[in-house]
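Working notes, beginning with the structure itself.
The values are calculated or read from the model by the stated rules, or taken from the named source; none is laboratory data. Everything quoted here is computed from the prediction, not taken from an experiment. Cβ coordinates were reconstructed from backbone atoms using ideal geometry, including for glycine residues, and neighbour counts include every protein chain displayed.
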Amino acid sequence: MKALFAALLPSPGLSMVVLVLWLVLARTPSLAQALVGVFLAFTVPHIVATLRAPRAQLRNPRGALRFLATVVRDVVASNFEIAWGLLRRGSRQPTAGFVVIPLQLRDPVGLAVLAMVTTIVPGTVWSELAIDRSAMLLHVWDVPDKVAFVARFKARYEQPLCEIFE
């Protein structure tokens, strides 16, 4: 019985959210809208099941806290660097460019965290991940020395994520 319920409703929480959202968005409660909502509540979890990320397993919780502190510190520092760079714009133009960073990190959740970090740290934007996950392409706002940037990026972000997730 339990297996049948799990097969019909693999994600009860998602089903409930879909149903409630459908009824709220419908604006006019009716039996037809309720039936469409129930249909969606049963079908949407099956459709999106392949999109769900695997469960992450933190292998180093203390490392995760240190990593979070590093990211917060880098976000604040990068905001000041970019603001300062914009204020003194006439003295030196930023050397924006694309940087290819070879990756050792293969864990999908770790790569997702890496993608989020590079998007929230001002001055960097995740552009592309190689199909085999061996390298990533970043656009960097100011990167006078690409080799030094890659070494710093790997030490500050990739290596801690390898310790946390792999």
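Exactly one residue out of PHE98, PHE67 is of a type in the set (Phe, Trp, Tyr) and either in a helix (DSSP H, G or I) or closer than 30 Å to LEU19 by Cα (or both), and it is PHE67.
Kindly evaluate PHE67 against the criterion of being surrounded by 14 or more Cβ atoms within 10 Å (Cβ to Cβ), outside the structural domain of PRO12 (by TED's automatic domain parsing) and touching a residue at least 12 places away in the same chain (Cβ under 8 Å). Outline the logic, then answer.
Values: surrounded by 14 or more Cβ atoms within 10 Å (Cβ to Cβ): yes; outside the structural domain of PRO12 (by TED's automatic domain parsing): yes; touching a residue at least 12 places away in the same chain (Cβ under 8 Å): yes.
In short, yes.
The residues of the stretch 115-135 that are at pLDDT 85 or above and farther than 17 Å from ASP74 by Cβ, listed by number, are GLU128, LEU129, ALA130, ILE131, ASP132, ARG133, SER134, ALA135.
Does VAL36 satisfy the condition of being over 27 Å from the mean Cα position of the chain (by Cα) and assigned to a helix (DSSP H, G or I)?
So VAL36 fits the description; yes.
The sole residue among ALA112, ALA49 that is out of contact with any Leu (no Cβ under 7 Å at 6 or more places or on another chain), at pLDDT 80 or above and small (Gly, Ala, Ser) is ALA112.
Assess whether ARG88 counts as being within 18 Å of LYS154 (Cβ to Cβ) and without any contact (Cβ under 8 Å) to a residue 12 or more places away in the chain. Criteria not met by ARG88.
Just wondering, is there one or more residues in the stretch 108-122 that are under 19 Å from ARG66 (Cβ atoms), touching a residue at least 24 places away in the same chain (Cβ under 8 Å) and touching a strand residue (DSSP E or B) at 6+ places or on another chain (Cβ under 8 Å)? Scanning the stretch 108-122 turns up at least one residue that is under 19 Å from ARG66 (Cβ atoms), touching a residue at least 24 places away in the same chain (Cβ under 8 Å) and touching a strand residue (DSSP E or B) at 6+ places or on another chain (Cβ under 8 Å).
Among residues that are loosely packed, with under 11 Cβ neighbours inside 10 Å and more than 14 Å from the chain's Cα centre (by Cα), ARG106 is not included.
Looking only at residues of the stretch 136-155 that are of a type outside the set (A, V, I, L, M, F, W, C) and in a loop (DSSP other than H, G, I, E, B), we find that the one that is modelled with the lowest pLDDT is ASP142.
May I ask you to verify whether SER91 is of a type in the set (S, T, N, Q), in a loop (DSSP other than H, G, I, E, B) and at pLDDT below 85? Yes; evaluated as a whole, the condition is true for this residue.
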